[in-house]
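Participant: Okay, here's the structure, questions in a sec.
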Amino acid sequence: MSNPNPPTTAAPLPRWFLGLGLLALAVYAFFLGRTATTVAGGADSSGYLNSARLLTEGRFLAEMRLPAEFGPAANLDRMHFLPQGFYPYAAEARYTPTYPTGLPLHFALAGSLFGWRAGPLLVVIFAAVGAVWLCYASARELGLAPPLAAVGAAMLGTFPVFLFTSLQPLSDTLATTWTVAALYAALRSRRHRAWALAAGGAFGLAVLVRPTNLLFAPALLILFGFDWRRLALYVAGGLPSAAWLAAYNHTLYGSALRSGYGDIFAAFGVAYGAPTALHFVKWLGLLLPAAVLVLPLAALTRPDHRRELLALAVGFFAITGVYAFYEVSHEVWWCLRFILPAVPALILAALLGVDSLMRRSTRLRRLAVAVLALWTVVNAYAWTRRFDILLIPGYENVYARAALDARARLPANALVVTNAFSGTLYFYSELAVLRYDQVEPPAFARYAALATQARRPVCALLFDWEEKEALQTRCPGNWTRLATVANVGLWQLNPSGPTPAAPAAK
């Protein structure tokens with residue numbers, strides 16, 4: 001059975017529409033280039049960028065920045081000095097990156113070619129624009145008319161969660177791009193078998209960026225059917241990524257099947273299922289045109305698209321079904337980023353539903369496209385403003401500003417008490433960090449005394465919401481503010497009286 005799901009002939013594409021579409025993508029890319037940021041901010045962004053820089057240096061492991069007076073790493077709790085985005089490696093004074101290697105590989109390549117300022121930004125821009133275009137192209141491969149396919153692309157491009165992840169260096173947008181690229185290539189392989197090789201390559205990269213994208217594999221297999229040649233090409237395309245993933249995981253974590261997340265299964269539980277499912281339905285219905293949730297049902301009346309509809313349904317529910325049991329998926333609206341790679345499947349299924357309902361009337365189809373387009377734009381605009389999504393890059397840039405200010409003001413040998421800035425400082429400076437969220441007051445008193453005796457300044461870089469826990473509860477002392485950047489304070493510990501003797505280690 002060489003071609004179990006023959007393609008539907010798509011409507012011809014007018015030249016004016018092609019020009020308009022390219023202009024829209026160019027404007028979207030310009031908007032992202034002017035708005036997005038790629039600073040090493042919180043745990044995620046600093047983790048990816050620190051890992052990328054290690055790769056450009058030909059290293060997998062990061063060196064531990066430990067003050068010499070504290071003694072050998074083997075006698076210390078290495079979690080006290082751990083930048084976010086890393087985890088202690090074996091018994092050595094080194095750290096392994098926590099996050100998957102897919103996005104760091106993209107950043108490393110782009111950073112090497114275009115520099116660390118432009119390279120990662122180009123990755124962010126091309127990932128977002130690529131996902132939007134591939135959503136449109138996949139809709140066309142499903143035989144949908146250009147205007148309807150364009151509405152689907154607009155739904156994805158303006159989806160507030162997609163914007164949220166496309167304005168900062170997170171893996172969710174890139175994971176979506178490679179997933180929909182694999183879907184598009186699998187659809188194209190119905191016309192030309194060689195596209196199955198591209199599907200395998202794209203899917204391999206999707207898994208490198210986010211390992212749980214492996215859940216999308218059954219959807220692609222449904223599209224391939226029982227064509228063994230296409231299946232063989234698909235597997236061949238994915239082998240390089242699989243080999244890299246296995247080798248990387250084995251080298252850093254001791255097994256090809258282990259990752260930097262540790263025991264990830266501990267974060268899943270049956271009890272999370274019901275509230276998270278409701279959370280997903282609620283926010284998908286609010287952030288997308290709500291009709292998208294029911295329109296796929298209308299596509300069931302089309303026997304010529306049942307295979308494709310089944311594949312889209314399997315891909316969507318496989319990813320959302322697993323993340324429904326993840327402990328943090330229900331916390332806030334932007335936690336929908338975990339299921340973002342599945343959203344194009346939902347959108348495409350909804351477009352098939354629109355096409356099924358309106359296929360007998362050109363006038364009704366045009367009306368439906370107009371209504372969906374207006375609904376998409378107005379809805380996205382309202383929620384983007386409500387959540388201040390376009391302000392996110394400004395919030396993220398504070399990380400870099402404060403870290404660079406600390407680097408300029410502090411002696412090179414300073415020990416910096418911090419948490420949120422730990423990964424940022426590791427990327428932008430050579431300063432050693434002490435994680436206040438990991439230490440107790442007795443341990444801090446010992447470190448502070450040893451540092452004081454060695455004439456090492458003990459400082460702190462903290463958001464205002466961190467100050468109470470850090471400076472009063474975990475690391476109490478006579479702290480003086482040195483500078484303020486936005487809502488970030490730079491502090492220094494002033495030992496009162498004679499230098500205290502270091503408490504004995506326990």
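Only the coordinates and a few stated rules stand behind these numbers; no lab work does. What you are looking at is a predicted structure, and each value in this text was computed from that prediction instead of being measured. We place every Cβ from the backbone using ideal geometry, glycine too, and count neighbours over all the protein chains shown.
Participant: Normalise the Debye intensity by I(0) for segment 286-438, one equal point scatterer per Cα, no solvent, then take log10 at q = 0.08 Å⁻¹ and round to two decimals.
Facilitator: Here log10 of I(q) over I(0) equals -0.43.
Participant: Looking at segment 69-190, I'd like the Rg to Rh ratio, where Rg is from alpha-carbon atoms and Rh is Kirkwood's inverse mean 1/r.
Facilitator: 1.18
Participant: Is the C-alpha gyration tensor of segment 305-345 telling us rounded, prolate or oblate? Criteria: a/c under 1.5 is rounded; beyond that, a/b larger than b/c is prolate, otherwise oblate.
Facilitator: It comes out prolate by the Cα gyration axes.
Participant: Would you list Thr301, Thr176, Thr212, Thr320 from fewest to most Cβ contacts within 10 Å?
Facilitator: Ascending Cβ contact count within 10 Å gives the list Thr301, Thr212, Thr320, Thr176.
Participant: Using the alpha carbons of segment 269-347, what is the convex hull volume per residue in cubic angstrom, as a whole number?
Facilitator: Taking only Cα atoms, segment 269-347 has a hull volume of 82 Å³ per residue.
Participant: Find the centroid of the Cα atoms in segment 58-79 and in segment 99-163, then give the distance between the two in whole Å.
Facilitator: 38
Participant: Looking only at segment 274-309, which residues have a backbone nitrogen under 16 Å from a spot 7 Å from the Cα of Phe317 in the C-beta direction?
Facilitator: 274, 277-278, 281, 293-301, 306-309
Participant: Quick one: work out the % antiparallel among DSSP beta bridges in segment 393-493, nearest 5.
Facilitator: The answer is about 60 percent antiparallel.
Participant: What value in Å³ per residue do you get for the convex hull of the alpha-carbon atoms in segment 393-493?
Facilitator: Cα-based convex hull of segment 393-493, divided per residue, equals 84 Å³.
Participant: Magnitude of the Cβ-charge dipole of the chain, K/R +1 and D/E -1, about the Cα centre, nearest 20 debye?
Facilitator: With only Lys, Arg, Asp and Glu charged at Cβ, the dipole is about 1420 debye.
Participant: What ranking of Asp388, Asp405 emerges when the number of other C-beta atoms within 10 Å of each C-beta is taken as an exposure proxy, fewest first?
Facilitator: Result, fewest neighbours first: Asp388, Asp405.
Participant: Calculate, for Ser255 and Leu231, the FRET efficiency according to 1/(1 + (r/R0)^6) with r their C-beta to C-beta distance and R0 22 Å; round to the nearest 0.05.
Facilitator: 0.20
Participant: In addition: Put +1 on the Cβ of each Lys and Arg and -1 on the Cβ of each Asp and Glu in the chain; which of Ala127, Gln438, Tyr426 then has its Cα farthest toward the positive end of the dipole?
Facilitator: Result: Ala127.
Participant: Also: Where a ≥ b ≥ c are the square roots of the eigenvalues of the C-alpha gyration tensor, would you call segment 236-299 rounded, which needs a/c under 1.5, or, failing that, prolate if a/b is larger than b/c, or oblate?
Facilitator: The shape class here is oblate.
Participant: Rounded to whole Hz and in sequence order, give me ³J(HN,Hα) for segment 300-306 from the Karplus expression 6.51 cos²θ - 1.76 cosθ + 1.60, θ = phi - 60°, writing x for Gly and Pro.
Facilitator: Listing the rounded values in order: 5, 7, 9, x, 6, 10, 5 Hz.
Participant: With a ≥ b ≥ c taken as the square roots of the eigenvalues of the C-alpha gyration tensor of segment 168-387, please select rounded if a/c is under 1.5 and otherwise prolate if a/b is larger than b/c or oblate if it is not?
Facilitator: It comes out oblate by the Cα gyration axes.
Participant: If you count the DSSP beta bridges with both ends in the chain, what percent of them are antiparallel, to the nearest 5?
Facilitator: 70
Participant: Next question. Could you give the length gained by full extension between Asp263 and Phe60, i.e. 0.36 nm per residue of separation minus their alpha carbon distance, to one decimal place?
Facilitator: Full extension from Asp263 to Phe60 adds 71.0 nm.
Participant: While we're on this one: Modelled label-to-label distance, Phe31 and Leu404, 7 Å Cα→beta-carbon offset: nm?
Facilitator: 2.7
Participant: Related question: Using the basic label-point model (7 angstrom from Cα toward the beta carbon), what is the Asp304 to Gln472 distance in nanometres?
Facilitator: 7.0
Participant: Could you line up Ile264, Ile347 from fewest to most neighbouring Cβ atoms inside 10 Å?
Facilitator: Ile264, Ile347
Participant: Let me ask something else about it. With the Cα gyration tensor of the chain in hand, convert its eigenvalues to equivalent ellipsoid semi-axes via √(5λ) and list them largest first in whole Å.
Facilitator: After diagonalising the Cα gyration tensor, the semi-axes are 48, 24, 19 Å.
Participant: With an 8 Å cut-off on Cα pairs and a minimum separation of 6 or more residues, tell me the relative contact order of the chain in percent.
Facilitator: About 18 percent, as a whole number.
Participant: Roughly how tilted is helix 146-158, in degrees to the nearest 10 and between 0 and 90, from the longest Cα axis of the chain?
Facilitator: 10
Participant: Could you go through segment 170-176 in sequence order and give the Karplus-derived ³J(HN,Hα) for each residue, using 6.51 cos²θ - 1.76 cosθ + 1.60 with θ = phi - 60°, rounded to whole Hz, and x for Gly and Pro?
Facilitator: After applying 6.51 cos²θ - 1.76 cosθ + 1.60, I find 10, 7, 5, 5, 5, 4, 5 Hz.
Participant: Quick check: Cα centre of segment 420-454 to Cα centre of segment 186-262, how many Å?
Facilitator: That distance is 42 Å.
Participant: Excluding Glu466 itself, what net charge comes from residues whose Cβ is under 13 Å from its Cβ, given Lys and Arg +1 and Asp and Glu -1?
Facilitator: For residues surrounding Glu466, the net value is -1.
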